[in-house]
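Notes follow the structure.
Quick note: the coordinates plus some simple rules give every number you see, no bench work behind them. As the structure is a prediction and not an experimental result, all values here were calculated from the model. Quick reminder, even Gly has a Cβ in these numbers, built from the backbone with ideal geometry, and neighbours come from all protein chains shown.
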Amino acid sequence: MGRAKALTSEEKNTIVRMKNREFCISEISKNTGRSRKVILNFLKSPESYGTKKSPGRPPALTSRQKRAILKVASNCTLTARQIAARAGVDTSLKNVQKVIRTAPHIQRKKMKRIPPLSTAHKEGRKKFAREHVHVFKEVPKENVILPQDNAPVHTAKVVREFFRKEKIQILDWPARSPNFNIIENVWGHLARSVISRRGGIKENNSGAMAKTTSRIYSTPF
């Protein structure tokens, strides 16, 4: 049922005159064609009648839902839909984007393009694998070769000088190669698996981490 129109100036004057002449509310309602509720509301406070603004549509998201969205969106590379799913908020894509866009502490930045992987780089990887493939069950005690991924901390002058003095042989590493350190990949997979659960990272996630780790190591490669 729609909301009744506000009283006109003429109707207000009629109601006041009839009330002053001691007409009852039912008689005023019958004479003006207005409901008893409208007339009573007007007579309760004639001066402030009609000045109250409508609250409008209720907000699409509660404060708690907004906080959940911003918590997930902070320092992440997820899409707006993924952020909503991770935060457990069921709303439209535009609502999520609006919350993030109007947050003063979040700045959107376009991700840098990854270096292109050319045919030469791919062939370098294959050549590297063929030349260094060596399967063994026990860790050798002699002729140890140190693998490192050419990160700046590994190629600093002082580090290279240390390797030279200690006569440590370094494994040649092709440019733009993936991380061959298996444990690094395990850490990444473990973090993504635990964080993907609704609620994200919590202080006590030992159970979830243990379960995920067990599943990883039980999966045949």
- Of 66/109; 122/165; 109/211; 12/37; 112/211, which sit over 24 Å apart, Cα to Cα? 122/165; 109/211; 112/211
- Relative to a virtual label point 7 Å from the Cα of residue 114 in the Cα→beta-carbon direction, which members of region 67-98 show backbone nitrogen distances below 19 Å? 76-79
- Task: Just subtract the alpha-carbon distance of residue 129 and residue 6 from 0.36 nm times their residue separation and send over the number in nm, one decimal.
- Result: 36.1 nm
- Message: Which of rounded, prolate or oblate describes region 63-102 when judged by the alpha-carbon gyration tensor and an a/c cut-off of 1.5?
- Response: rounded
